[in-house]
Amino acid sequence: MIKKIPLLAVCLGCLVSAFGQKIQSPSVFLGYELGTRFTYQYRVTEYFKYVASVSKNVKLVQYGTTNEDRPLVAAFIASDANIDRLEEIRKNNIGLAGLAENKALGNGFMQTATNPATVTANTPVIVWLSYNVHGNEPSSSEAAMLTLFDMVDPDNAKTKTWLANTVVVIDPCLNPDGHERYVNFYNSVKGAVPDPDPAAREHAEPWPGGRVNHYYFDLNRDWAWQTQKESKARVGLYNSWLPQVHVDFHEQGYNAPYYFAPAAEPFHRDITPWQKEFQTTIGKNNAKYFDQNGWLYFTKEEFDLLYPSYGDTYPIYNGSIGMTYEQGGIGAGLAITTRTGDVLTLKDRIAHHHSNSLSTIETASANAAKAVTEFKKYFDNSRTNPTGEYKGYVIKNDNDDKMQSLTELLRRNGIQYKFGIKTSATGYNYFSGKTERFDIDTRDITISAYQPKSVLLNVLLEPKTFVADSNTYDITAWSLPYVYGLRAYGLKEAIKPAAVPIVDVVLTPPLATQPTAHAYAYVAAWQSVTSVQFLSGLLQKNVKVRYAEAPFEAAGKKFGAGSLIITKAGNADAGFDAVVRGAADNAGIELTPLTTGFVDKGVDLGSASVHFIHPPKVMLMSGEGVSSEAMGEIWEYFEQQIGYPVTLINYNNLGRAKLGDFDVIIFPDGNYQDFPSDDLQNWVKAGGKLIALQGAVSQLAGKKGFDIKRRDADTLKNKPSLKIFGNRNRDNIKSTVPGAIYKINLDNTHPLGFGYPNYYYTLKLTDDIYALLDDGDWNVGTVKKDGYVAGFVGQKGKEKIRDGLLLGIQPMGRGSVVYLVDDPLFRSFWENGKLLFGNAVFMVQ
């Protein structure tokens with residue numbers, strides 16, 4: 001007789017067996033010694049799944065997927081006592097920050113907690129380790145597996161001690177798509193034995209490289225903006241925990257020694273003394289192990305803490321000790337000979353990252369009580385004594401679409417705001433630069449600095465970022481009112497918190513005229529990228545769309561130049577009304593139906609001043625010589641933001657393309673050989689539209705047939721001068737423009753300026769500026785000597801960027817050339833430039 005064993009007992013037996021077995025190291029699990037080959041991302045994920053299945057101290061979370069549908073995972077590692085109370089720990093931790101979730105207002109929405117949590121004896125410190133945000137810096141994903149193993153190895157008494165007061169989060173690969181692009185490349189070209197010669201092909205990664213994600217975005221510049229799918233998912237998870245310590249693992253050029261904190265100047269002035277101090281504490285512990293092993297390293301140089309969208313600064317502005325660790329190794333493959341004659345191997349790189357991973361956890365554990373107490377103090381101060389010159393902000397509702405986009409950004413970052421206040425106040429006007437009295441309307445955004453995320457709020461909204469040291473690593477200006485093109489005021493008088501927690505309000509447009517059963521025509525304002533998305537939807541439904549060249553009034557409303565007009569005439573299908581309304585609903589556009597083509601003021605709908613929009617066939621240059629990130633912004637704009645088809649063609653293959661099949665060809669920033677060709681110029685003359693951006697404009701300057709010419713600074717100011725060798729880096733800064741905001745005078749009567757006031761805020765990344773175009777051309781966007789607004793600009797740069805052209809149109813035969821000197825789609829967070837680019841594609845004839 002066979003004795004029956006209850007199913008529960010069987011399951012428990014399996015569980016005990018699984019958790020009781022010896023955990024395999026990465027090398028044993030993978031079947032090869034770690035560092036002898038690059039591990040595919042799916043195998044990294046399999047190892048994490050395996051460890052989570054055999055260790056009771058790990059919980060694995062899939063928090064999202066990439067554009068190429070690869071999983072994004074994070075492992076939460078805790079002691080026996082804490083692993084089953086992770087959710088309790090998480091809620092208590094955000095409670096220490098004075099935050100509480102409000103599920104009723106949407107997943108991830110945070111509001112000020114009524115009763116902030118307190119620190120207790122069993123409150124753990126949370127350490128978050130992020131690996132491989134740049135896909136071609138892959139050693140950190142290998143180190144992530146080794147770090148996970150050490151944290152759960154039953155034989156490792158050290159790590160078990162650390163886990164008594166520490167929760168560790170490991171995200172093994174922030175950029176799986178880029179990682180696989182690099183690993184697939186390397187594995188396809190490597191030989192039986194690694195070739196350490198730097199000239200060997202295995203060290204020459206082809207375009208676009210693995211650094212970037214599917215759309216060629218640098219995910220390490222996207223923490224605050226969250227324009228990319230991966231960033232939205234990751235930062236959403238991060239903000240639901242808010243760790244006390246965060247490390248972002250990178251690689252740099254293979255000739256460089258290892259870099260770890262403390263960071264270089266400039267520091268943003270809102271970074272606290274504790275954040276600086278604990279960076280040094282961690283750095284000294286890292287150095288102890290590097291010293292023991294004789295490994296070279298450096299600190300306090302090159303990698304600063306200013307730009308808010310890095311994997312170190314974003315955590316810092318959210319109360320964490322945020323740090324970047326940089327191992328030499330980009331392009332190193334499995335082994336490479338450095339300029340000192342040493343051979344740097346993948347095993348070396350893994351060992352260095354692994355050492356600092358454990359050292360950081362060790363230091364956090366040794367200082368857990370202090371770290372948690374300072375974390376709470378950071379947010380207590382934010383709520384009661386916020387930093388920054390302004391204690392409140394008002395964003396004027398000049399544009400519903402942009403306001404909706406801005407509130408979404410604020411919500412994703414946990415910044416609280418409100419509508420519904422109607423009063424007057426005195427504040428600093430961002431656009432005029434003056435302190436003045438103004439009215440607050442109920443549809444304006446009002447933001448109090450007395451809230452948990454006040455530091456991040458101040459960093460993102462301060463009109464001018466203070467830069468203590470101009471030798472910085474990235475852009476120096478990003479104030480959101482300029483990014484979105486929305487008028488704003490900074491208030492020195494406190495906006496007191498409401499009696500009830502500040503909550504989200506869904507911004508709805510004014511009540512629209514209800515569509516009639518069968519309209520003569522529909523009109524939609526042209527005011528944002530949402531308008532471009534709406535136009536795209538109509539054109540792909542073969543709906544004929546027109547735009548008004550000048551403002552007009554109809555149905556009791558005012559419509560600006562560029563407003564879209566969709567008439568029944570020419571769109572005779574029975575489903576016309578449903579198609580138009582459906583496209584409007586998809587884009588979130590307000591439609592105004594008209595019962596007649598006879599307008600109240602301005603030209604009627606049948607006027608010659610109302611122009612037909614031809615659905616353009618668009619080509620985008622890609623491939624070698626093209627800036628992958630600049631090209632990726634445009635690719636992502638078409639596919640993800642406006643949903644309009646675009647054909648990507650490598651520049652080297654342009655000669656094979658039938659140019660006559662295309663209406664628009666876009667040349668992003670890049671270095672193009674033999675540009676422009678005779679065929680390309682003939683295509684423009686025959687009716688094509690060439691859109692040149694940044695470096696492509698530079699390459700057209702002075703070329704035969706193109707009117708664009710450089711406007712150099714006074715040559716008398718460029719005479720050779722005596723230089724001090726030790727000051728060479730500082731001297732170079734005089735000509736740099738690391739991302740500064742300038743105000744452009746804009747001709748908004750031209751189609752390139754439709755939907756804007758008579759000005760536009762541009763982000764300048766270089767000192768490029770051009771002479772005004774000839775008569776017969778259109779100088780649409782010009783900058784005067786007083787155009788500077790915010791950000792660092794070197795002395796020579798300031799002298800040069802004045803009295804010149806930044807946006808222009810040159811008619812050429814039956815076609816045209818559009819000159820965009822700056823990048824209107826920069827990292828896809830420069831929201832106000834997206835309509836400008838839409839104008840270049842769809843409106844300019």
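The values are calculated or read from the model by the stated rules, or taken from the named source; none is laboratory data. Keep in mind the model is a prediction, meaning the values are calculated, not measured. Using ideal geometry, Cβ is built from the backbone for each residue, glycine included, and neighbour counts are taken over all protein chains shown. Surface accessibility is based on the protein's heavy atoms, side chains included, excluding ligands, DNA and RNA. Shrake-Rupley method; radii C 1.70, N 1.55, O 1.52, S 1.80 Å.
Percent of Cα-Cα pairs more than 18 Å apart in the stretch 760-806, please. Mind dumping the intermediate values first?
Details: 273 of 1081 pairs.
Everything past 18 Å amounts to 25 percent.
Calculate, for THR280 and THR114, the FRET efficiency according to 1/(1 + (r/R0)^6) with r their C-beta to C-beta distance and R0 41 Å; round to the nearest 0.05.
0.65
With a ≥ b ≥ c taken as the square roots of the eigenvalues of the C-alpha gyration tensor of the stretch 730-837, please select rounded if a/c is under 1.5 and otherwise prolate if a/b is larger than b/c or oblate if it is not?
Because a/c hits 1.5 or more and a/b exceeds b/c, the stretch 730-837 counts as prolate.
Using DSSP to define loop residues, name the trypsin sites (Lys or Arg not before Pro) in the stretch 77-184 whose beta-carbon has at most 12 other beta-carbon atoms within 10 Å.
Nothing satisfies the criteria.
Return a whole-number percent for the relative contact order of the stretch 625-680, with Cα pairs under 8 Å and 6 or more residues apart as the contact set. Don't skip to the answer; put the middle values down first.
Working: 26 pairs, mean separation 30.9, N = 56.
55 percent.
What percent of all Cα-Cα pairs in the stretch 127-222 falls into each 5 Å bin, going from 0 up to the bin containing the maximum distance?
Calculated over all Cα pairs of the stretch 127-222, the distribution is 3, 13, 18, 17, 15, 12, 10, 8, 4, 1 percent.
Which log10 I(q)/I(0) values does the stretch 309-351 give at q = 0.14, 0.17, 0.22, 0.31 Å⁻¹ under the Debye formula, counting every alpha carbon as one identical point scatterer?
-0.49, -0.59, -0.70, -1.02
Please report, as a whole percent, how much of the solvent-accessible surface of the chain comes from carbon and sulfur atoms (probe radius 1.4 Å).
Details: 17360 of 33510 Å².
Answer for the chain is 52 percent, counting heavy atoms of protein chains only.
Take the Cα radius of gyration of the stretch 609-691 and divide it by 2.2 N^0.38 Å, with N its residue count; two decimals is plenty.
1.11
Residue by residue through the stretch 60-70, which ³J(HN,Hα) values in whole Hz follow from phi under the Karplus form 6.51 cos²θ - 1.76 cosθ + 1.60 (θ = phi - 60°), with glycine and proline marked x?
9, 10, 8, 9, x, 9, 8, 5, 9, 6, 8
Return the Rg/Rh ratio of the stretch 349-446 with Cα-based radii and a Kirkwood Rh.
When Rh is taken as the Kirkwood radius, the ratio is 1.20.
If you average the alpha carbon positions of the stretch 755-792 and of the stretch 194-252, how far apart do those two centres end up, in angstrom?
Cα centroid of the stretch 755-792 versus Cα centroid of the stretch 194-252: 33 Å apart.
Apply 1/(1 + (r/R0)^6) to the Cβ-Cβ distance of ASP600 and ARG710, taking R0 = 51 Å, and write down the FRET efficiency to the nearest 0.05.
Details: r = 47 Å, r/R0 = 0.93.
Calculated value: 0.60.
May I ask you to derive the relative contact order of the stretch 167-251, considering only C-alpha pairs under 8 Å and at least 6 residues apart, and to give it as an integer percent?
Contact order relative to length: 28 percent.
With a ≥ b ≥ c the root eigenvalues of the C-alpha gyration tensor of the stretch 86-177, is it rounded (a/c under 1.5), prolate (a/b larger than b/c) or oblate?
Working: a/c = 3.47, a/b = 1.39, b/c = 2.49.
Judged from the Cα gyration tensor, the stretch 86-177 comes out oblate (a/c at least 1.5, b/c at or above a/b).
In terms of Cα to Cα distance under 13 Å, which aspartates and glutamates are near enough to LYS232, apart from those fewer than 8 places away along the same chain?
Excluding near neighbours in sequence, the set is ASP222, GLU408.
For the stretch 518-565, what relative contact order do you get, as a whole percent, if you take Cα pairs closer than 8 Å and at least 6 residues apart? Intermediate values should be presented prior to the final figure.
Values: 56 pairs, mean separation 20.6, N = 48.
43 percent.
Do any trypsin sites (Lys or Arg not before Pro) in the stretch 552-639 lie in a loop, going by DSSP, with at most 11 other beta-carbon atoms within 10 Å of their beta carbon, and if so which?
none
Any idea what diffusion coefficient the stretch 194-326 gets from Stokes-Einstein, in µm²/s, Kirkwood Rh on alpha carbon pairs, 25 °C, 0.890 mPa s?
This corresponds to a translational diffusion coefficient of 149 µm²/s.
Out of LEU773, TYR788, LEU820, whose Cα points farthest toward the positive end of the dipole of the stretch 742-845 (charges: +1 Lys, Arg; -1 Asp, Glu; placed on Cβ)?
Value computed over the given set: TYR788.
What figure in square angstrom, to the nearest 10, would you give for the accessible area of GLU799 with a 1.4 Å probe?
About 60 Å², rounded to the nearest 10.
In Å and on Cα atoms, what radius of gyration and Dmax does the stretch 382-493 show?
13.7, 44
Taking every Cα atom in the stretch 546-694, find the radius of gyration and the maximum pairwise distance Dmax, and write them in Å.
Considering the stretch 546-694 through its Cα atoms, Rg and Dmax are 19.3, 55 Å.
Going from the alpha-carbon gyration tensor of the stretch 288-389, what semi-axes, largest first and in whole Å, does one get by taking the root of 5 times each eigenvalue?
Value: 34, 17, 10 Å, ordered largest first.
Which angle between 0 and 90 degrees, to the nearest 10, do you get for helix 529-540 versus the longest principal axis of the chain when only C-alpha atoms count?
70 degrees
Over the Cα atoms of the chain, how large are the radius of gyration and the largest Cα-Cα distance (Dmax), in Å?
Computed over the Cα atoms of the chain, radius of gyration and Dmax are 28.6, 106 Å.
Each label point is 7 Å from the Cα along the Cα-to-Cβ direction; what then is the distance between the points at LYS422 and ASN586, in nm?
About 3.8 nm separates the two model spin labels.
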